[in-house]
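So the structure is just underneath, and the comments pick up after that.
The values are calculated or read from the model by the stated rules, or taken from the named source; none is laboratory data. It should be emphasised that the depicted structure is a prediction, and the values quoted were computed from it without experimental measurement. Areas reflect the complete protein model, heavy atoms only, side chains present, ligands, DNA and RNA absent. Shrake-Rupley method; radii C 1.70, N 1.55, O 1.52, S 1.80 Å.
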Amino acid sequence: MAITDKIYVKNHRQLSSQLETNIPKGAFKGATLDVLFQGQGLEKLDDATRERVLDFATDFLDCDCQDNPYCGCPERKFMKYLLELRAQGLGPEAIVDVMSDDYMVYAYTGDVLSFLDSGVRTLEAAEGLARVDGNPEAADEIRQVKRELSR
């Protein structure tokens, strides 16, 4: 299960009430993406909530794919966002706090930790493959990225 399947809308009930429609709790579920992508009812949200919802839509749902928002780009962009927060030195708990402040979404700290750990394990495998393939430059580059992610 991808980390984006474990990202939830903060104040889900309040948001659904303001929008006067039921939306799933998962931030990357189809119906949630539909509401955000189409912008239906966003004028009903209070200013602070609307600003964060629009930031989320702008930062993660903006792409030129024909299947947008179901093209996979929002999920990839969000995972990149999480990895960038980690590269800035934030731990799982701080990452959850920042995503909550930035976009009104949250995850459980253990899920973020598991995502980061999985990323490190994938990089370890890629580093080993680069060495076996006789590509020491790639192995060094992967090792550096892994070091940033695991510090």
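Descriptive notes on the structure:
- Between 112, 53, 35, the Gaussian network model of the chain with springs among Cα atoms under 10 angstrom shows the greatest mean-square fluctuation at 35.
- Inverse mean reciprocal Cα-Cα distance (Kirkwood Rh) of the chain, Å: 16.7 Å
- Between 0 and 90 degrees, the angle of helix 109-132 with respect to the longest Cα principal axis of the chain falls at about 30 degrees.
- Per residue accessible area of the chain, 1.4 Å probe, in Å²: 57 Å²
- Relative contact order of the chain, pairs being alpha-carbon contacts under 8 Å that are 6 or more residues apart, as %: 23 percent
- Distance between segment 119-151 and segment 91-113 - C-alpha centres, whole angstrom: 26 Å
- Calculated P(r) tail over 19 Å for segment 67-126, as whole % of Cα pairs: 32 percent
- Angle between the chain longest axis and helix 92-103 axis [Cα atoms, degrees, rounded to 10]: 40 degrees
- 0 to 90° range, to nearest 10: angle between helix 73-87 axis and the chain longest Cα axis: 60 degrees
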